[in-house]
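One structure is given below, encoded as structure tokens.
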Amino acid sequence: MCRCARTHEDSTSAPVVAVDRVVLPKTVKPLTYRLTLNPDLEKFTFTVEEQVELKLLVQPSEITKIVANCKEVVVHKASLSVGNTLLPITKISYEEENDFVNFEFDHKDQEFANLEIGDVITLNIQSTGELNDKLVGFYRSKYYKDGVEKYGAVTQFEAVDARRCFVCWDEPALKAVFEVTLIAPKTHVALSNMNCIEEKEYDNDKKICKYAPTPIMSTYLVAFVVYEYDYVEAIATETKNKVPVRVYTPLGKKEQGEFALEVACKCLALYEKYFDIPYPFAKMDMAGCQLSAGAMENSGLVLYRETALYVDPKNTSSSAKQYVAIVVAHELSHQWFGNLVTMEWWHSLFLNESYATFMEYYAVDQLYPEWNVFEQFVHDDFFKAMALDALASSHPVHVPVRVAAEIDEIFDAISYSKGCCCVRMLINWLSNERFREGMIHYLKKFSYQNADTEDLWEALYERTSQNVTEMMYSWIYKIGFPVVSITEEIQQDHKVLTLRQNRFLEKCGIFESDDTVWVIPVSYLVCGADDSITEFSLELKERETKVSIPTSSKWIKFNKNQTAFFRLNYQSDSYYSSLVEPIKSKILSPIDRMSIIEDACTLSKAGLVPTERVFVLFSAYANEDNFTVISSLATCFGTLYNIYKHEEQIIEKFKKLAVSIFSGIAAKLGWIPKPNESHLDSMARPIVLGALVKYGDKAAIEKATQLFDDFRKDNNLVIPDLRPVIYSAVIRYGNEERFNQCLEIFQKTELFEEKNRILRALGLAQDEKLISKSLTMAIDDSVRSQDVMYVLAGVSSNPKATTMAWKFLFENFAIIKQKFEGCFLPGRIVKLLTESVTNADDVQTIRETLDKVKFKSIERSVDQCVESIEINSKWLQRSKNSVLEWLSNNVE
């Protein structure tokens, strides 16, 4: 909690921190690493020569060995420099469970014994490692040059994988200076965090590149790249130090880096102004490669998946272009919030990710206000966070982390999206400018240092005098979020509304056993008898409170624009029916329109409202024209489709209902973009037409198939936005020949975005042989490791593949574990291959099997997965009879 606020805080207690954390002994501290790395791109190995200056933190007599982090690196030789004396390392041993390496030496040596606390010694190490294919540490990254498979060497050190490359003190608080030298082929670009200060010939075909010393920083932000690239460059002229910016692109494709370069230059200037701190590094390089995450914010050298960085002017879709802007804005904000000031330990990961997620939307909204990205935030992050946090197996935003294996699992929608929702709620509570003042104070106070959650609350308090700790305590340190249930009672000319908060769980709706009470800023709109709309607000700090509104009010909408993180359960049948007209007439904002259908859908899953109520609401959206509301509509239809997909009596009528809703929207958008069409209409078109194809509209399927044939003759005949639609149509409704035609395009194209579009569609095949082929592609190296999620996402959404998918998981579990363990992917693969299951018997089998095979770094993911499919199975059983009755009475 906030240290300065403790005197006026009696409703909270200290946050939970893992007291038994596995950390290095506090006997020495690294000051400077001098690293020379020589990767072999043919043998997939590398050598490291390393000298680490270490400051003594205790008396020499208390040091019997030096302990550092090391994993999958073999130390061949080591010694200790103490003044002018070179002490041999007498024994090197490894503690594999904790990723420790022990260096033992003659600690009674006279020169060492004469040292004092604060003196500096140097550990000299020679080691080797493998350029692995697991997307962690120092690893090999596949790319293509003139159709030929090639490899480069890149790094991914977050969270704790610098230790897979060199011996280090791999904890975020142990910041140091890094002096890096890379040996690389002359044909390749060699990059690190800082600018190259010396390059010379190493031998006939190699060069040696030495880089300027870094500012003090954490090990997880160190980066090396050896790759074949072209580049585009610019000077961010509006930054204080005229920061040089480069985007490294595939050979011969410089134009693909221009958009990201433009966004980067603008973002750096924007952030300098917002944070009131100059960009803290010498240059900004950005490069595309294979990466398990979307991107990695290494100081001065940000690495991206190719699809998160490159924009092909002819082949990139509108949504993909927006995604590039969002990711670039996110990673560059980290250069201040995360890199300049770094969390003390991984329990405060959200300090990095929540704020960077907010800043990505802030920056893109400033650069491209016509994109309305804060509306999209509510669909893409707000409701995604709620979906995960509504599980009993969720975790707090500030989450205890004991060992390294637990860290990867918290890079999820809680740390990123829920944390960002809390930031947005806090900004709304404090005001934009007061929040910004507090953040500037925080960044300046802890520049080049580490900070913890309580330091942020203290900094905000020092600038705003607001009790931020009290406001944020339950949101950050407690698991879950509230549902506010509202009951009404008529009293003369007023309705008295009782608002009661409890923790929300999808498996039971209201979880009264949890005694958490959140501080909830509740806003609400009331439409009077004369159609005037008045906004009210209150803070719900207790379990229950009451408000009153005139009986003549036409409707009420709580949580205006979803600024507070709660679900609403209005326990009156008239609530949703009264909102149909303001939805249709668009009196309500797009965010409020989407929140109504989202709340109704989720509350029906939890059993708090009948599922038929969601179907009644759908008609209100038949003339919707807002991209984000259309996205929410499609998401809700998709959620319900997954529940009833195997119910033969229900699903055909359900599809007819979906087609009837989306047809009207599609008629306005059409298949051909209109002159000067908005960016958001371009993004809406594939969602709407894709829904028509998914739900079996014959005209849409025929049109998409015709366009696919046109595309095969000339790929300029189909705009990028529509290509996912045509691929899904011909694979979902076509034969093996169509499948192979798409596969041929996948194999020939060099555009990674095109490959991913096809991978998403391949899993939609209806033939079991083709489904099996798609699944096998995920493990047989025909798909790059980072891209297996795309093909599995297609399989996951295919009703024909539901059983095949989870059986494939268990039949190949050992392969999946071996191939992907160590990065983010195993837990996500488990979820994708099981999340569509609704059959109760299958759910039981999956739970029992996963309990037997799960391993440390996927335990939370497995628990979340099992809980989700159990909830869906119960939703199906509870609702299918009433849903069938409603559809039978309302859909011909």
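Name the pairs: first residue in region 447-470 and without any contact (Cβ under 8 Å) to a residue 40 or more places away in the chain, second residue in a helix (DSSP H, G or I) and aromatic (F, W, Y), Cβ to Cβ under 6 Å, at least 6 apart or on different chains?
Sorted first by the residue in region 447-470, then by its partner, the pairs are A459/Y442.
Matching residues to (1) more than 25 Å from D625 (Cβ to Cβ); (2) free of Cβ contacts under 8 Å to residues at least 60 places away in the same chain; (3) in contact with a Lys or Arg (Cβ under 8 Å, 6 or more places away or on another chain):
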residue: F662; (1), (2), (3): no, yes, no
residue: P675; (1), (2), (3): no, yes, no
residue: V693; (1), (2), (3): no, yes, yes
residue: G696; (1), (2), (3): no, yes, yes
residue: T705; (1), (2), (3): yes, yes, no
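Looking at F166, F178, which one is buried (at least 24 other Cβ atoms within 10 Å of the Cβ), in a loop (DSSP other than H, G, I, E, B) and at pLDDT 95 or above?
Values: F178 fails: in a loop (DSSP other than H, G, I, E, B).
F166 is the lone residue from the list that is buried (at least 24 other Cβ atoms within 10 Å of the Cβ), in a loop (DSSP other than H, G, I, E, B) and at pLDDT 95 or above.
Can you list the helices (runs of 4 or more DSSP H) lying wholly within region 784-881 that have 3 or more residues being modelled with pLDDT under 90, of a type outside the set (A, V, I, L, M) and crowded, with 18+ Cβ neighbours inside 10 Å?
Values: elements: 788-796, 802-811, 813-820, 825-834, 840-853.
Filter on region 784-881 gives 813-820, 825-834.
Those residues that are of a type in the set (A, V, I, L, M) and loosely packed, with under 12 Cβ neighbours inside 10 Å, I need them from region 85-105; list them, please.
Taking region 85-105 first, the residues of a type in the set (A, V, I, L, M) are 86-87, 89, 92, 101.
Within region 85-105, L86 is the sole residue that qualifies.
Considering only residues that are acidic (D, E) and within 18 Å of the chain's Cα centre (by Cα), look in region 283-312 and name the one that is surrounded by the most Cβ atoms within 10 Å (Cβ to Cβ).
Pass one, region 283-312, residues acidic (D, E): 285, 297, 306, 312.
From what's left, within 18 Å of the chain's Cα centre (by Cα): 297, 306.
Numbers: E297: 25, E306: 21.
The residue in question is E297.
Which pairs do you get when a residue that is at positive phi, found in region 79-101, comes within reach of a residue that is assigned to a strand (DSSP E or B), reach meaning Cβ atoms under 9 angstrom, with the pair 6+ apart or on two chains?
Cβ pairs passing all conditions: G83/I121; D99/N69.
Could you look through region 709-727, keep only residues that are buried (at least 18 other Cβ atoms within 10 Å of the Cβ) and free of Cβ contacts under 8 Å to residues at least 24 places away in the same chain, and pick out the one that is farthest from L657 (Cα to Cα)?
Taking region 709-727 and keeping what is buried (at least 18 other Cβ atoms within 10 Å of the Cβ), we get 711, 718-727.
If we keep only those that are free of Cβ contacts under 8 Å to residues at least 24 places away in the same chain as well, we get 711, 718, 726.
On the way: F711: 31, V718: 29, I726: 22 Å.
Among them, the one singled out is F711.
Can V830 be described as free of Cβ contacts under 8 Å to residues at least 40 places away in the same chain and hydrophobic (A, V, I, L, M, F, W, C)? Break it down into steps so the answer makes sense when it comes.
Details: free of Cβ contacts under 8 Å to residues at least 40 places away in the same chain: yes; hydrophobic (A, V, I, L, M, F, W, C): yes.
For V830, the condition - free of Cβ contacts under 8 Å to residues at least 40 places away in the same chain and hydrophobic (A, V, I, L, M, F, W, C) - is met.
Identify all residues within region 748-783 that are in a helix (DSSP H, G or I), over 17 Å from V718 (Cα atoms) and of a type in the set (V, I, T); write none if there are none.
Passing the criteria: I771, T776.
Restricting attention to region 630-648, and to residues there that are within 30 Å of S678 (Cβ to Cβ) and over 22 Å from the mean Cα position of the chain (by Cα), which single residue is surrounded by the fewest Cβ atoms within 10 Å (Cβ to Cβ)?
Narrowing region 630-648 to residues within 30 Å of S678 (Cβ to Cβ): 630-641.
Next, from what is left, pick out any that are over 22 Å from the mean Cα position of the chain (by Cα): 630, 633, 637, 640-641.
Details: I630: 26, L633: 29, F637: 23, L640: 24, Y641: 18.
So, considering only residues that are within 30 Å of S678 (Cβ to Cβ) and over 22 Å from the mean Cα position of the chain (by Cα), the one surrounded by the fewest Cβ atoms within 10 Å (Cβ to Cβ) is Y641.
Only helices (runs of 4 or more DSSP H) wholly contained in region 587-648 count here; list those with 3 or more residues that are of a type in the set (D, E, K, R).
Working: elements: 590-605, 612-618, 627-644.
It comes to 590-605.
Step by step: first the residues of region 236-249, then only those that are touching a residue at least 12 places away in the same chain (Cβ under 8 Å) and out of contact with any Phe, Trp or Tyr (no Cβ under 7 Å at 6 or more places or on another chain), then the one that is surrounded by the fewest Cβ atoms within 10 Å (Cβ to Cβ). Which residue is that?
Going residue by residue through region 236-249, those that are touching a residue at least 12 places away in the same chain (Cβ under 8 Å) are 236-241, 243-249.
Now drop any that are not out of contact with any Phe, Trp or Tyr (no Cβ under 7 Å at 6 or more places or on another chain), which leaves 236-238, 240, 244-245.
Numbers: A236: 22, T237: 9, E238: 14, K240: 13, P244: 15, V245: 23.
Looking at residues that are touching a residue at least 12 places away in the same chain (Cβ under 8 Å) and out of contact with any Phe, Trp or Tyr (no Cβ under 7 Å at 6 or more places or on another chain), I get T237.
Could you list all residues from region 40-84 that are loosely packed, with under 14 Cβ neighbours inside 10 Å and outside any strand (DSSP E or B)?
Listed by number, the residues that qualify are E42, K43, V58, Q59, S61, E62, T64, G83, N84.
The rows are residues; the columns are (1) at pLDDT 95 or above; (2) over 40 Å from the mean Cα position of the chain (by Cα); (3) farther than 20 Å from V160 by Cβ.
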| position | (1), (2), (3) |
| --- | --- |
| E62 | no, yes, yes |
| K65 | no, no, yes |
| C70 | yes, no, no |
| V74 | yes, no, no |
| N84 | no, yes, yes |
| L87 | no, yes, yes |
| E95 | no, no, no |
| N98 | no, no, no |
| V101 | yes, no, no |
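The values are calculated or read from the model by the stated rules, or taken from the named source; none is laboratory data. As the structure is a computational prediction, the values presented were derived from the model and not from experiment. So basically every Cβ, Gly included, is an ideal-geometry build from the backbone, and we count neighbours across all protein chains shown.
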